[in-house]
């Protein structure tokens, strides 16, 4: 039973990532990987965040955030400047090019959620999320 649950979670993640990659390509968002999504989402909401804050809210270590942000810099989606409150740190914000993809980003997210929960009632969705949170909290 446990093995099948883990296999299903893994398969869902793989299919969701493939779906996202296809949708990003369809919307002309080339060069991005799904791991950029959480960073971009937070920047769409907060406009500017420190690298430390991005690490905390995404649950990714600082070196991973640095690599992901560097790619976004190379693609012209974000800028990075010294944090005025801590000169050892950097703040990241969207460029006009990055901000311009917000509509496509949220459209892709909506399409993913529609696909993910197709045929599943609101109550079942809540139960699923509650169970997955409990499993995550076991670690």
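The values are calculated or read from the model by the stated rules, or taken from the named source; none is laboratory data. Quantities reported herein were computed from a predicted structural model and do not represent experimental measurements. Cβ sites come from the backbone with ideal geometry, for glycine too, and all protein chains shown count toward neighbours.
One residue stands out in segment 36-53 among those that are free of Cβ contacts under 8 Å to residues at least 60 places away in the same chain, under 16 Å from residue 105 (Cβ atoms) and assigned to a helix (DSSP H, G or I): the one that is nearest to the chain's Cα centre (by Cα), namely 38.
In this structure, does residue 5 turn out to be surrounded by fewer than 14 Cβ atoms within 10 Å (Cβ to Cβ) and either closer than 23 Å to residue 114 by Cβ or not assigned by TED's automatic domain parsing to the domain that holds residue 109 (or both)? Steps first, please.
Values: surrounded by fewer than 14 Cβ atoms within 10 Å (Cβ to Cβ): yes; either closer than 23 Å to residue 114 by Cβ or not assigned by TED's automatic domain parsing to the domain that holds residue 109 (or both): no.
Taking the combined requirement at face value, the residue does not satisfy it.
Residues in segment 113-125 that are part of a loop (DSSP other than H, G, I, E, B) and surrounded by 10 or more Cβ atoms within 10 Å (Cβ to Cβ) were compared, and the one that is nearest to the chain's Cα centre (by Cα) is 117. Residues that are in a strand (DSSP E or B), closer than 26 Å to residue 53 by Cβ and modelled with pLDDT of 95 or more: does segment 94-112 have at least one? Yes; the residues of segment 94-112 include at least one that is in a strand (DSSP E or B), closer than 26 Å to residue 53 by Cβ and modelled with pLDDT of 95 or more. Does residue 50 satisfy the criteria of being more than 17 Å from residue 132 (Cβ to Cβ) and surrounded by 12 or more Cβ atoms within 10 Å (Cβ to Cβ)? Against the criterion (more than 17 Å from residue 132 (Cβ to Cβ) and surrounded by 12 or more Cβ atoms within 10 Å (Cβ to Cβ)), residue 50 qualifies.
Given 68, 73, which one is in contact with a strand residue (DSSP E or B) (Cβ under 9 Å, 6 or more places away or on another chain), assigned to a helix (DSSP H, G or I), under 22 Å from residue 30 (Cα atoms) and not assigned by TED's automatic domain parsing to the domain that holds residue 25?
Working: 68 fails: in contact with a strand residue (DSSP E or B) (Cβ under 9 Å, 6 or more places away or on another chain).
On inspection, the qualifying residue turns out to be 73.
Take the residues of segment 54-65 that are assigned to a loop (DSSP other than H, G, I, E, B) and either touching a strand residue (DSSP E or B) at 6+ places or on another chain (Cβ under 9 Å) or loosely packed, with under 14 Cβ neighbours inside 10 Å (or both): which is modelled with the lowest pLDDT?
To start, the set of residues in segment 54-65 that are assigned to a loop (DSSP other than H, G, I, E, B) comprises 59-61.
Next, only the ones that are either touching a strand residue (DSSP E or B) at 6+ places or on another chain (Cβ under 9 Å) or loosely packed, with under 14 Cβ neighbours inside 10 Å (or both) stay: 59, 61.
Working: 59: 91, 61: 94.
Going through the qualifying residues, I end up with 59.
If you go through segment 76-93 and keep only what is more than 17 Å from the chain's Cα centre (by Cα) and either over 10 Å from residue 49 (Cα atoms) or surrounded by fewer than 15 Cβ atoms within 10 Å (Cβ to Cβ) (or both), you end up with 76, 79, 81, 82, 84, 85, 86, 87, 88, 89. Among residues of segment 23-35 that are more than 18 Å from residue 74 (Cβ to Cβ), those with a Cβ under 8 angstrom from a residue that is part of a loop (DSSP other than H, G, I, E, B) and at pLDDT 90 or above, sequence gap 6+ or separate chain, pair up as 27/101. Determine if segment 18-26 includes at least one residue that is in the same structural domain as residue 139 (by TED's automatic domain parsing), touching a helix residue (DSSP H, G or I) at 6+ places or on another chain (Cβ under 8 Å) and exposed (fewer than 13 other Cβ atoms within 10 Å of the Cβ). No, the conditions are met nowhere in segment 18-26.
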